[in-house]
1. Quickly run through segment A:378-427 and pick out the residues that are farther than 22 Å from A:ASP341 by Cβ, assigned to a loop (DSSP other than H, G, I, E, B) and in contact with a Phe, Trp or Tyr (Cβ under 6 Å, 6 or more places away or on another chain).
2. For segment A:447-466, give me the residue count where each residue is more than 27 Å from A:LYS511 (Cα to Cα) and more than 14 Å from chain B (Cβ to nearest Cβ).
3. Identify the single condition in (1) more than 21 Å from A:VAL244 (Cβ to Cβ); (2) surrounded by 16 or more Cβ atoms within 10 Å (Cβ to Cβ); (3) charged (D, E, K, R) that A:LYS107 does not satisfy, given that it satisfies every other one.
4. Mind checking which residues of segment A:218-243 are more than 19 Å from A:ASP116 (Cα to Cα) and assigned to a loop (DSSP other than H, G, I, E, B)?
5. Can you go through A:VAL510, A:VAL493, A:VAL484 and tell me which one is in contact with a Lys or Arg (Cβ under 8 Å, 6 or more places away or on another chain), in the same structural domain as A:LYS432 (by TED's automatic domain parsing) and either among the β-branched types (Val, Ile, Thr) or in a strand (DSSP E or B) (or both)?
6. Has segment B:73-94 got at least one residue that is modelled with pLDDT of 95 or more, part of a loop (DSSP other than H, G, I, E, B), of a type in the set (Lys, Arg) and over 14 Å from B:CYS36 (Cα atoms)?
7. Would you call A:GLU308 acidic (Asp, Glu) and over 27 Å from A:ASP234 (Cβ atoms)?
8. If I filter segment A:56-77 for residues that are modelled with pLDDT under 95, closer than 27 Å to A:GLY386 by Cβ and either basic (Lys, Arg) or buried (at least 18 other Cβ atoms within 10 Å of the Cβ) (or both), do I get at least one hit?
Amino acid sequence: MKNTIKMLNKSLLASSIAMLLSSGMALAKSDDFHKLYQDNCASCHGSDHGGYLAPALNSATLKGRSPTALRTIVMAGSFDTLMPPFYGRLDDDEIRGVIKHLQETPKQPNPAWTIDDMKKSLKVYVKDESTLPTKPTFQIDDKFENLIGVAARGKYGRGEGSKAIFINSSTHQKVGEVPTGTAAHIIDFNPANPRWAYVKTDTAEIFKVDLYSMQAVRSIKTGWNGPGMGVSRDGKYIMAGSFVPHNAVILNADTLEPLKTFELEGIDPDGKHVSSDSGMIIGTPYADIFAIALENAGQVWVIDLNKEGFPVTRIEKVGRHLHDAFLTHGGKKLMIASYDDSIVAAIDLEKREIIKKLEAGCVPHVGGGSAVKVDGRTLGFGTNFGDCDKTVVSVWDLDKMEVVKQVPVSGGTESPAAHANAPYVAVDIISKDRRARTVQLIDKKTLEVARTLDVGGHAYFPEYSADGKFLYISAGYNGDEVVVYDSNTLQKVASVPMESPAGIFSRGRVKYMTRGLSPDEMEQSK
Amino acid sequence: MKMTHFIVSLLAGLMATGSAQATSLYVGQAKAGAVCAQCHGIRMPSADAPFPPLGGRDPEYLKTAIKQYRDKTRKSDIMNAIAGSLTDAEINDIAAYYGSVKP
């Protein structure tokens, strides 16, 4: 979301509270406030003060802002956003002090996090993995497919509320909770061995989780901030990429030991040499490669895993500000969103070249993407933040690589969910008002919005269960529950309480590559 | 500008969900979700938060407490500001809604 967050609506409540505050003077040193910021704020606002899930807080962005107004945002939080109230967690002097510190501190140069730092951060919670149970210790289907993982952020983006929560998607019961310290962001499942999942947090720790016993066995800190993570098709490697610092790393998926780091930099589409955030990282079922997006450099790198030294092929000039992507054609093609050009670029991962750039509404954010087969055509769906006039979901014919339709929806969207067995493609409306409570359902056949669900909270990250029978949606921010619907009747069938749920990840994803395709699609690639 | 002005606009913005006449759980839910849940959560405040829980509490107790904040017989900078301009109908709706929630 970095760079797409706009200047904020001032909280009126905050202003009113401001007027009630008594004045006092903070005398603590700026070192203390640096630590206070890193410990309480950086997981959302960025360790380098450059913004991450939340706006940048530094001397430039906060220039001329009233300290009183800022203090009161910190105290009361900002309604209907992830900004939590720090009233009672930080005292008045601390809040004053941190605001003063922020207004005096420029955006920091990219702080380093080297391969040695990573190695030192490796933690082992279960030394001897042979002591782990050989099958799940809870009730689940034999194929171990009906498992859904939810990234529960926790109100403060850290602390007791931050966990990866796993649910049996046929009974809608929680089957495990793995504390993650800071907000869980991404959950990936190992395609080769069903027992392992990997959870990445906002602060770039990766946890290797044993799903049979529902506990973390190891963790490593791969950077300061950044959500990018992918797992190779053979389940042997993980690649992780950061916003802070600008690097990526390949890990041994078994031990989490870092094998090689990559500095993310290159020539952007305008000819400038830039250092770059990591965007999405994806493993594909068709080859032993990773693809990684360099957000600012506008490049996609393809990394060969079975060649000495993990060599990189660079695909340049893909688009301005790349972010997320999804696979089609047995994993041979990658559809990647470019925020600033409002296009989705189709990339041939075999030939390692751009096939075509397709129109994609306004500020496309395809989430995990979706693709469905309808009447002989394979249709891809792409959501967009749409901070401009156009709020559509783009539908492309993935064989012809052309736009089929731009379906008007009621607001900006972030993530589409689809399943071969479910009639609708679900998209989350994220526009900052009551629409944020809703999810719209696009009929796969008519390509029109058929229904709007009022889910509650900030409704986002829809995901179908592996069998397609149920639609899971996070009622995030203050909604504090995951709501489950019947995919056909759209009746609410269950609610799973948790603190500030966000991303939902079905273990089915390893089976159908891109949500909405049938498992056969993946067979093609083998 | 007077404080009441801010709060009135706040409520106008966040709480504009219909004219509460009879007690309405739906209206209460919308208001609680938009404002109060920021600190108190719906079922439960955050595991890490210092705010008292409201979900599942006795509606009569909640009504009394909110009214005390409103008329400042119970002092809390934050709650006095928030309750300051709530109407009786809004207080009834919110208390009824929080009372109906299972924590």
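1. Within segment A:378-427, A:HIS419, A:ALA422 qualify.
2. The qualifying residues number 6.
3. Among (1) more than 21 Å from A:VAL244 (Cβ to Cβ); (2) surrounded by 16 or more Cβ atoms within 10 Å (Cβ to Cβ); (3) charged (D, E, K, R), A:LYS107 violates only (1).
4. Those that are more than 19 Å from A:ASP116 (Cα to Cα) and assigned to a loop (DSSP other than H, G, I, E, B): A:PRO227, A:GLY228, A:SER232, A:ARG233, A:ASP234, A:GLY235, A:LYS236.
5. A:VAL484
6. yes
7. Details: acidic (Asp, Glu): yes; over 27 Å from A:ASP234 (Cβ atoms): no.
Spelling it out, it is not the case that A:GLU308 is acidic (Asp, Glu) and over 27 Å from A:ASP234 (Cβ atoms).
8. Yes: segment A:56-77 contains one or more residues that are modelled with pLDDT under 95, closer than 27 Å to A:GLY386 by Cβ and either basic (Lys, Arg) or buried (at least 18 other Cβ atoms within 10 Å of the Cβ) (or both).
The values are calculated or read from the model by the stated rules, or taken from the named source; none is laboratory data. For clarity, every value in this text was computed on a predicted model and none was experimentally measured. Using ideal geometry, Cβ is built from the backbone for each residue, glycine included, and neighbour counts are taken over all protein chains shown.
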